[in-house]
1. How many of the residues in region 27-74 are basic (Lys, Arg) and closer than 12 Å to Asn15 by Cβ?
2. For region 8-58: of the residues being among the hydrophobic types (A, V, I, L, M, F, W, C), touching a strand residue (DSSP E or B) at 6+ places or on another chain (Cβ under 6 Å) and not in a helix (DSSP H, G or I), which is nearest to Arg72 (Cα to Cα)?
3. Taking Val10 as the residue in question, decide whether it is open to solvent by 70 Å² or more (accessible area, probe 1.4 Å), at pLDDT 90 or above and over 10 Å from the mean Cα position of the chain (by Cα).
4. Limited to region 40-53, what total is found for residues that are at pLDDT 90 or above, surrounded by fewer than 16 Cβ atoms within 10 Å (Cβ to Cβ) and not aromatic (Phe, Trp, Tyr)?
Amino acid sequence: EWVRDFRPRVAVITNITSDHMDRHKSREAYIAAKANLLRAQSTGDWTVLNLENDATLSLMAAARGRLLRFGRAPHPYE
């Protein structure tokens, strides 16, 4: 959230849980920080998201990179 010119070539977000509420003041602020990471990417970069976490799924719209999704169970990708 403090880095201005960072562009991750690969961003992996495995889950978003209440573990970091001491740092982020709300769940929404935590999700927004992760979304900013994805917005810094370009179309040639990679975004990896967990299909089994609702909060990470909500970040799909923010992804600018090529999207890879994963989960333990088979999921439709369309």
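The values are calculated or read from the model by the stated rules, or taken from the named source; none is laboratory data. As the structure is a prediction and not an experimental result, all values here were calculated from the model. All Cβ positions, glycine included, derive from the backbone under ideal geometry; neighbour counts span all protein chains shown. Side chains included, ligands, DNA and RNA excluded: accessible areas come from the protein's heavy atoms. Shrake-Rupley method; radii C 1.70, N 1.55, O 1.52, S 1.80 Å.
1. 1
2. Only one residue fits best here, namely Leu51.
3. Answer is yes for this residue.
4. Looking only at that region, the number is 3.
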